[in-house]
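To keep things clear, I will list the structure first and then write my remarks on it.
The values are calculated or read from the model by the stated rules, or taken from the named source; none is laboratory data. Since the model is a prediction, treat every value here as computed from it, not as a measurement. Here the Cβ positions follow ideal geometry from the backbone for every residue, glycine too, while neighbour counts run over all protein chains shown.
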Ligand code: TRP
């Protein structure tokens, strides 16, 4: 039997709207609520926002369209996709590197999601009720320095996403994200109304929208580019896997553009929910990753009805994180079910157990493993840095090279026009030029400069 022919009928997304919500659910995540605000706060506000938007348009979006096209053309997991499209050539390594990146990302991502869920309860039960950041900092370090709490919350998160993944692509991922994504928009709007109606809110808006480029360096550009990969879930095969579940009549560039806009909107809305409140109460925006867990609780406690809004806020963060984690976990699970013909239960349970081991490295970075610092970073930071700023850009670079040089215009046109049924030749041409030259060159330059390999 041909090893590429799946023995089981392939699951997939069932409606056009389901595709949008699942894909948007993958893109929207802690990247919007945790990474984007903390990086924007650290790197000078509006200037970083502009860099990030440019990277999203010129790098993230083209890679996303590429991945979705590859997946839908091959109708297979990220590794098999390349084996099918380029038999007996080493391109499948892109998919294999992607699977590794999925583990690294999930390892720290599930821990941040774990803190978020712990915070829903801590906020609800009044354990975070202080306007003093030193008190909320103590609460946070109490959480991360406790190995038991860190591990248990992470295992809870792992069990939760494993259960949804086992339910399947249409009955698990699609059904969940169709509820979570709209709910998170509603919650976000509620929090924004609260934040914007605080006296002194405008200073936060100025920070977010008036650029000051004095803080921008090549390292900042690399971080902005890494964020654009991370945000759109590209560079490691998530969107290849999701593309393989797309319907044949789905307009790929149209879907990708909508998802990109929806995702950027959520990041900006998260910024509008956070920075006005931060400035209104005289806090600093540059707390970095702990912005969400130390500054934000203090900020919420300073406002009327803060506890309610804090619970809503962490709830929406948990909703966002779920769709993203599902899409990450689906990458290895799709590979194992199709390639080794494992059942979904076996594939998911095995992956989750391996993840628990990797994840413990991140979970224990605040306690037992705090002094383990390969390359001068804790395991948590190493997972985060190496995936976003190295593996995803490298994966994205090779995906562009594959689509632009190995695949060529003919194949691209066929997939993007749904075999000639869509009249989108201009989009096809524009996309092809960008993905063949502009995006790979940009990624290459930013990567080498950001890592300090060359100096421009
Ligand atoms: N995009 C998600 C977020 O912003 C994270 C994510 C999901 C991701 N799947 C991914 C990042 C694949 C990189 C690759 O939170």
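Points worth noting:
- Being more than 15 Å from the ligand (Cβ to nearest atom) and either at pLDDT 95 or above or closer than 27 Å to residue 132 by Cα (or both) is a description that applies to residue 303.
- Here is the figure for segment 104-157: residues that are more than 17 Å from residue 292 (Cβ to Cβ) and within 16 Å of the ligand (Cβ to nearest atom) total 4.
- Condition met for residue 405 (over 22 Å from the mean Cα position of the chain (by Cα), in a helix (DSSP H, G or I), surrounded by fewer than 19 Cβ atoms within 10 Å (Cβ to Cβ) and on the phi < 0 side of the Ramachandran plot): yes
- Just one of the listed residues (211, 182) is assigned to a helix (DSSP H, G or I) and surrounded by fewer than 18 Cβ atoms within 10 Å (Cβ to Cβ), namely 182.
- Here residue 32 clears all of (1) more than 16 Å from the ligand (Cβ to nearest atom); (2) under 23 Å from the mean Cα position of the chain (by Cα) except the condition numbered (1).
- Tally, over segment 121-142, of residues that are surrounded by 18 or more Cβ atoms within 10 Å (Cβ to Cβ) and either at pLDDT 95 or above or over 21 Å from residue 315 (Cβ atoms) (or both): 2
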